[in-house]
């Protein structure tokens, strides 16, 4: 009777197989990561627009109840009396785009506005803020309801 020898079964991957898998994963990561970076910026823009519209609505409600828009406050500080209309902890935290929340009242050529003041290095720049403007206004930072009022200040204008 002829007996065949049983070949030992393979229980591990070879080094070459592992290297091939690592190379494939690296190629996939190189394709996916840049796409996710754009998604993060889109999410930040969406969150910023939602937040600024919420604060603008609160300022309008404040105006109806009090008879005036919130006073011109220090950047990052809740204007006096406005704390009852918003969450002060969210106001004093950084905006979704960086920078801090701010109000303008009878300043910078406008009657009232809610916006963001970037403090130097965290300013994403006009190109990114133009994307914000294009999503919910006229795509022009010099006119419309969303405007650039200074070198590092972008505001939702409540009243001219």
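Against the test of being out of contact with any helix residue (DSSP H, G or I) (no Cβ under 9 Å at 6 or more places or on another chain), farther than 11 Å from residue 55 by Cα and surrounded by 16 or more Cβ atoms within 10 Å (Cβ to Cβ), the options 109, 120, 99 yield a single qualifying residue, 99.
Any idea which residue in segment 46-70 is surrounded by the fewest Cβ atoms within 10 Å (Cβ to Cβ), counting only those that are outside any helix (DSSP H, G or I) and in contact with a helix residue (DSSP H, G or I) (Cβ under 7 Å, 6 or more places away or on another chain)? That would be 69. Among residues of segment 62-78 that are in contact (Cβ under 8 Å) with a residue 24 or more places away in the chain and on the phi < 0 side of the Ramachandran plot, those with a Cβ under 7 angstrom from a residue that is in a loop (DSSP other than H, G, I, E, B) and surrounded by 15 or more Cβ atoms within 10 Å (Cβ to Cβ), sequence gap 6+ or separate chain, pair up as 63/69; 70/79; 71/79; 73/79.
Is it true that residue 126 is over 25 Å from residue 62 (Cα atoms), in contact with a helix residue (DSSP H, G or I) (Cβ under 8 Å, 6 or more places away or on another chain) and modelled with pLDDT under 95?
Values: over 25 Å from residue 62 (Cα atoms): yes; in contact with a helix residue (DSSP H, G or I) (Cβ under 8 Å, 6 or more places away or on another chain): no; modelled with pLDDT under 95: yes.
Taking the combined requirement at face value, the residue does not satisfy it.
Only residues in segment 24-53 that are at negative phi and modelled with pLDDT under 85 count as the first member; pair them with residues that are surrounded by 10 or more Cβ atoms within 10 Å (Cβ to Cβ) and part of a helix (DSSP H, G or I), Cβ under 9 angstrom, at least 6 apart or cross-chain, and list the lot. Cβ pairs passing all conditions: 41/128; 41/131. Is it the case that residue 87 is surrounded by fewer than 19 Cβ atoms within 10 Å (Cβ to Cβ) and within 23 Å of residue 46 (Cβ to Cβ)? Considered against the rule, which asks whether it is surrounded by fewer than 19 Cβ atoms within 10 Å (Cβ to Cβ) and within 23 Å of residue 46 (Cβ to Cβ), residue 87 comes out as yes.
The values are calculated or read from the model by the stated rules, or taken from the named source; none is laboratory data. What you are looking at is a predicted structure, and each value in this text was computed from that prediction instead of being measured. Here the Cβ is made from the backbone with ideal geometry for all residues, glycine too, and neighbour counts use every protein chain on show.
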